[in-house]
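Working notes, structure below.
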Amino acid sequence: MSATFRPSDPVDFVVVGAGAAGGVMAKELSTAGFRVVVLEQGPWRHEKDFTHDEVGVTLRGGMVNDQKKQPNTFRSTPNEKAVIRPAVGYCRTVGGGSVHFTANFWRFHPEDFHERSTLGPVPGADLADWPITYDDLEPYYTKAEWDLGVSGLAGSNPFDGPRSKPYPLPPMPVKSSGVLFETAAKKLGLHPFPAPVAVLSQPYKGRAACTHCGFCEAFGCEMGAKSSSLAAVIPAAVKTGKCEIRPDSYVRKIEVGKDGRVTGAIYFDSSGKEIFQRAKAVVVCANGAETPRLLLMSKSNLFPHGLANSHGNVGTRLMFDNGGYALAYFDHPLNEYKSIVVTRVLHDFYRSDPQRGFYGGAGLDARFDFLPAAFALDGMDPDSPQWGSEWKRTLGQYYTHMMGIMAHTSCLAVEQNSISLDDEVKDAWGLPAMRVTFKNHSDDIKALHFMADRQHEILAAAGAKKIWLTPGSLDGVTYSVHLMGTCRMGNDPATSVVDRNNRAHDVPNLYLVDGSSLVTCGRQQPTETIQALAYRTADHIQRAARRGEL
Amino acid sequence: MLAAACWAEVLRAQSQSPQFAWLDAPTAAEINAIACRIIPDDETPGADRAGVIWFIDRALAGYDQDKRELYQRGLRDLQAKRAAMFPGSASIAALSKDQQDQLLHATEKTDFFQMVRYHSILGFLCQPMYGGNRDQVGWKFLGLEYSMRYEPPFGYYDAQARAGTK
């Protein structure tokens, strides 16, 4: 049933990127009757192509951007010379990051949308309110949960906003890490709750339930039980006969006509041939790093500094995936290698509390997501030997007896943290490499320190025999897989790139939907918010199209 | 029984090994000796039993070809260090285990040692299709029972919690 369109024949929409947002756009637009071509730079892997191969998938990065073909340069501030050094990671495959993500599926809290109003300005940062509220997005959070298939327990997180519907599926069975975390957190007067996850605890819409095989994070699900856009929505898009997914298609430019409207996308196919797919409108869902890069590469007479960049905002205010990870050893086996990664979460420290003296906070989750070789390589207590008999004994003793607590911490938007085009380095297609400029705001670091103490307290209360922080847990990050903030949503075109409906201020038939439009990054776990924005944008687009605006 | 197959012995016995894709047998014996001090076969299986050397050979023949030079140069430097530390010794494999440990402790910060450590750990704990982790001895050593499907309870504490709520 998969449609096949001629590039010269303008389709209604070209969607760039078949990830968390792009998959949703493909389904929503094609089921509404529009003709859609989705251009995805990665291959189209299916369930049968996914493996449990730690060497191939995680250690050699078999599904993520290839740093040799797609190098990025990095500098911490604009005064420095950027050098080639991986700073950005994303999944190159139909389904994008939703294929290999941990599947934590958190809604942002109502206060996330107006922190600037409640907290005031933060010196050295560009904290702003969103142009939409939690209530604007709530119906689409619900839609995402019910369309994709999410397991969780409504009402169990006292810090969550109001919900119009419970989760469609009950929570996943609790793991030992969840039991220890919950018991300890309650002892400390905290409010742990069953993790909402985009994994099926029961069969749903013709998809099978999770078999607890343990290869969730960084892997594709062989059962289709992870609610990736690949498993949950792309099949419905293809089934309409109005959506063509074109994998191995690397977009280099969004083309603009004389009237200032976009006319389609130019891409390289798998053989390196350049193709121009014409379209009446373009939706870019290429992720928070590739979307601004593509706009900056899309220079024209009308947009000499890049598409939709008349005020120089494209690429700015990059936010990264901050976090710290405390590990602990326990007396009895937990066997965390089984089942999904996270079964218990707490949001008691999520809200920014001015009494702490810094902006930010974190959501905490219980997990132990080290695969065997990764743990043996560098997961163990930094004080223990790193090879030989004693090391090996400790390794054997520890692996099944471990858990950890991850703090998913805040990351402030800072204007100079950005994605831009490198002056010298090119990718394998001869295009300018992505240049990443990033340095954590000092409050981000303070949040990591504050949370590390909380992580330690909970693990100690759980009865851990030994606790340590993984290296770098207090330093902030220089490499991120959550890519956010670079094409900010806002009402003012002078300080934002897209409007409250994810439409580019500068271009009426261009939409940007992915991590790039996020104004703040909550406490990480942005996927549900990105997908809710995609459902909301799709609704808006349908109305705009009916009004003849597209 | 494969447990009886000690690769160190096999490698010592063979002057050349056509089974290797890239390594020659004398080099393999030296690398294997290093791997076997990183993950010793002691009261439980280690690098030798897991066939780590076969993993390393395949990696150097295949996806890690660009590490060959590091191995060649690193091993040459290590041999020089061995000769200096243990005059009259013939090879790394021929040193006593204590001597091997001394030599490796003296060189553990080198890129070469770190690469052999990296490859040895991968060879011990990888999917067996890569040539290492034979009979899943690495996973079994960790207490990992490999399956496509598990049922709760998964571990001690969730089992206790379930028992408590029944």
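The values are calculated or read from the model by the stated rules, or taken from the named source; none is laboratory data. Being a predicted model, the structure only gives us computed values, none of them experimental. All Cβ positions, even for glycine, are placed from backbone atoms using ideal geometry, and neighbour counts span all protein chains on display.
For the reader, a short list of remarks on this structure follows.
- Near pairs, Cβ below 6 angstrom, 6+ apart or cross-chain, from the stretch B:116-133 (without any contact (Cβ under 8 Å) to a residue 12 or more places away in the chain) to any residue that is surrounded by fewer than 24 Cβ atoms within 10 Å (Cβ to Cβ): B:Gln127/A:Asp53
- Meets criteria (facing chain A (nearest Cβ under 10 Å), crowded, with 16+ Cβ neighbours inside 10 Å and either touching a residue at least 24 places away in the same chain (Cβ under 8 Å) or touching a helix residue (DSSP H, G or I) at 6+ places or on another chain (Cβ under 6 Å) (or both)) for B:Phe112: no
- Close pairs from the stretch A:58-82: first within 13 Å of A:Arg92 (Cβ to Cβ), partner acidic (Asp, Glu), Cβ under 6 Å, at least 6 apart: A:Gln70/A:Asp427
- Test: residue in the stretch A:396-419 that is acidic (Asp, Glu), assigned to a loop (DSSP other than H, G, I, E, B), surrounded by fewer than 18 Cβ atoms within 10 Å (Cβ to Cβ) and modelled with pLDDT of 95 or more: yes
- Within the stretch A:126-146, tally of residues that are in contact (Cβ under 8 Å) with a residue 24 or more places away in the chain and touching a Pro at 6+ places or on another chain (Cβ under 9 Å): 5
- From the list B:Ser147, B:Ser96, B:Ser91, the one residue that fits, being loosely packed, with under 14 Cβ neighbours inside 10 Å, of a type outside the set (Lys, Arg) and at the interface with chain A (Cβ under 8 Å from one of its Cβ atoms), is B:Ser147.
Condition check ((1) buried (at least 24 other Cβ atoms within 10 Å of the Cβ); (2) outside any loop (DSSP other than H, G, I, E, B); (3) at pLDDT 95 or above) across all residues:
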| residue | (1), (2), (3) |
| --- | --- |
| A:Phe219 | no, no, yes |
| A:Glu222 | no, no, yes |
| A:Arg252 | no, yes, yes |
| A:Asp259 | no, no, yes |
| A:Ala279 | yes, yes, yes |
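- Complete set of residues in the stretch A:513-534 that are assigned to a loop (DSSP other than H, G, I, E, B) and hydroxyl-bearing (Ser, Thr, Tyr): A:Thr520
- Lone qualifier among A:Gly22, A:Gly33 - being assigned to a helix (DSSP H, G or I) and either farther than 30 Å from A:Glu424 by Cα or away from chain B (no Cβ under 14 Å) (or both): A:Gly22
- Take the conditions (1) within 13 Å of chain B (Cβ to nearest Cβ); (2) in contact (Cβ under 8 Å) with a residue 12 or more places away in the chain; A:Arg207 misses just one of them, which is (1).
- Scanning the stretch A:335-374 for residues that are over 24 Å from the mean Cα position of the chain (by Cα) and not in a loop (DSSP other than H, G, I, E, B), we see that the one that is surrounded by the most Cβ atoms within 10 Å (Cβ to Cβ) is A:Pro372.
- For the stretch A:291-327, filtered to residues that are more than 26 Å from A:Arg252 (Cβ to Cβ) and in contact with a Phe, Trp or Tyr (Cβ under 8 Å, 6 or more places away or on another chain), the residue that is farthest from the other protein chains (Cβ to nearest Cβ) is A:Ala326.
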